[in-house]
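The block underneath contains the structure these notes are about, expressed in structure tokens.
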Amino acid sequence: MGSLWLFDRAMLTMHILSCTSLFVYFCGGASTLTAVKFETALLLIKWTAEILTGQFTKDLLMHHLCMLGAAAAVNYFPQHAFLVVYVQAIHLPLAVNYSRRLSHKRRGSIVDQLFVVLWFLAVAARNTMLLRHSGRAIWNGDGVRWVLPPLALPLAVLDVMWTQDTLHRRERPWLSGTAAAIVGSTMGFFSGEPAESSHVCVAWAAAAALALVLSLASLASRIGSAALKQRPTRTVGIWADRRLRGVYGNCCNRLAGAHWGLARVRLRRATAVSGWLPRSPSGWLRRPRDKTC
């Protein structure tokens, strides 16, 4: 359980950094080569975290090898380097999902539904984009045809597997999922170099900003609710404990006094003839003398 918690925290941190990098890239604040280097560094850090926490699986191995192969191919086909950045769009829904898990929000919540929408958007977009550019490379006889399709096919298979796993745990979002897939396919078809597809980059920047806001807001709500749940409870608990102790003590004292007063009256009545009373906490209780004698 502890390793899974550490894994979720590490993945959330990496995916939030990736979303920030994508937002900066789509806004024109970073070059394609810089974005590729940054995403490659994040990939290596995630790989290390997965191994250390025992969460490394065969599907992740296939994914990481494909991404490393794509990053290495940038040195030989720099004109297609933007594809390596665009396929990182899968990190947008993953950031939302890991923030949902760490904030303990249930499946089916608003955050979870938005995760599914972003998932269909990202999966449809990147596979449509890879399919389009692979087909164009094959049609034009570009040298990248020997690299792009072999790397794109395993990613498509992984996306199908992960999508099935995502839908298996949730109700099938027929309407929202279909709409998100249509929008994602359109964005993927027209995606290209940021300078050539500025309108699509605006949509991608908006998607990255949405993922960042959802992730940080979900996490902040969890932290805020935990803080409000602990501090006032502790303060009110201390005050209530002291208050109850005071009330309880006063009640006990009053009940004890009333009980002893009633007992003293009864004893006076019972021993009116004998002229003496037993010892009490306040001393000897004697029968008052008759002043007429």
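The numbers here are math on the coordinates, done by the rules we state, and not lab data. Note that the coordinates shown come from a computational prediction; the quantities given were computed from them, not determined experimentally. Virtual Cβ from ideal backbone geometry, glycine too; neighbours counted across all protein chains shown.
Residues that are in contact (Cβ under 8 Å) with a residue 12 or more places away in the chain and not hydrophobic (A, V, I, L, M, F, W, C) within the stretch 187-221 comprise 188, 191, 192, 193, 194, 215, 218, 221, listed in sequence order.
Conditions tested, residue by residue: (1) polar (S, T, N, Q); (2) farther than 19 Å from residue 168 by Cβ; (3) over 11 Å from the mean Cα position of the chain (by Cα).
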| position | (1), (2), (3) |
| --- | --- |
| 84 | no, yes, yes |
| 109 | yes, no, yes |
| 123 | no, no, yes |
| 131 | no, yes, yes |
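Checked against (1) closer than 25 Å to residue 182 by Cβ; (2) touching a residue at least 24 places away in the same chain (Cβ under 8 Å); (3) surrounded by 20 or more Cβ atoms within 10 Å (Cβ to Cβ), residue 99 meets all criteria but (1). For the stretch 142-188, a residue qualifies if it is touching a helix residue (DSSP H, G or I) at 6+ places or on another chain (Cβ under 7 Å), more than 19 Å from residue 68 (Cβ to Cβ) and buried (at least 16 other Cβ atoms within 10 Å of the Cβ), and the qualifying residues are 145, 163, 166, 173, 177, 180, 181, 183, 184, 185, 187, 188. If the condition is being surrounded by fewer than 24 Cβ atoms within 10 Å (Cβ to Cβ) and either touching a residue at least 40 places away in the same chain (Cβ under 8 Å) or assigned to a helix (DSSP H, G or I) (or both), then the stretch 102-117 contributes 102, 103, 104, 105, 107, 108, 110, 111, 112, 113, 114, 117.
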